[in-house]
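Structure first, commentary second.
The values are calculated or read from the model by the stated rules, or taken from the named source; none is laboratory data. Source: prediction; values computed, not measured. Cβ placement follows ideal geometry from the backbone for every residue including glycine, while neighbour counts extend to all protein chains displayed.
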Amino acid sequence: MMAHKTLFSSLDQFLKHRLTLTAKQRELAAQERRIMDDMGRMLSGLGYRLVSTNGQQNGAERPRGRSRALPKKLQCPRCDRRFSLEMHVARHLSAMHSRRPRARRKTKVA
């Protein structure tokens, strides 16, 4: 019976300690965000910009995908279409300029 009491008291102390550490962690994260926001405002006045290295912006996740479109520097050799990646040019060439006849859609017969 005595062992159960010491076990429960140890678990209770552990839980209280963990909750204290979690609260401290949240407090430190909020303080870090405030400091980074203040530094960002101060540096933006000097023409600089803070960029996160951990993949997050202002505590929120960065949007997926490219933020800016790639420049379309590659031109199709057979027409005026432009593409940003070589695989897009190759796909265009095989789809639009190949010598193979295109598959026709089946029409419904009533």
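Consider residue 104 carefully, then state whether it is within 32 Å of the chain's Cα centre (by Cα), at pLDDT below 75 and either surrounded by 11 or more Cβ atoms within 10 Å (Cβ to Cβ) or among the basic types (Lys, Arg) (or both).
The answer is no for residue 104.
So, in the stretch 29-65, exactly how many residues are in a loop (DSSP other than H, G, I, E, B), surrounded by 10 or more Cβ atoms within 10 Å (Cβ to Cβ) and at pLDDT 75 or above?
Going through the stretch 29-65 one residue at a time, the tally reaches 3.
Among residues belonging to the stretch 84-100 that are aliphatic (A, V, I, L, M) and surrounded by 11 or more Cβ atoms within 10 Å (Cβ to Cβ), point out the one that is farthest from residue 68 (Cα to Cα).
Result: 96.
Report yes if residue 10 is of a type in the set (Gly, Ala, Ser) and either assigned to a loop (DSSP other than H, G, I, E, B) or in contact with a Leu (Cβ under 6 Å, 6 or more places away or on another chain) (or both), otherwise no.
It is false that residue 10 is of a type in the set (Gly, Ala, Ser) and either assigned to a loop (DSSP other than H, G, I, E, B) or in contact with a Leu (Cβ under 6 Å, 6 or more places away or on another chain) (or both).
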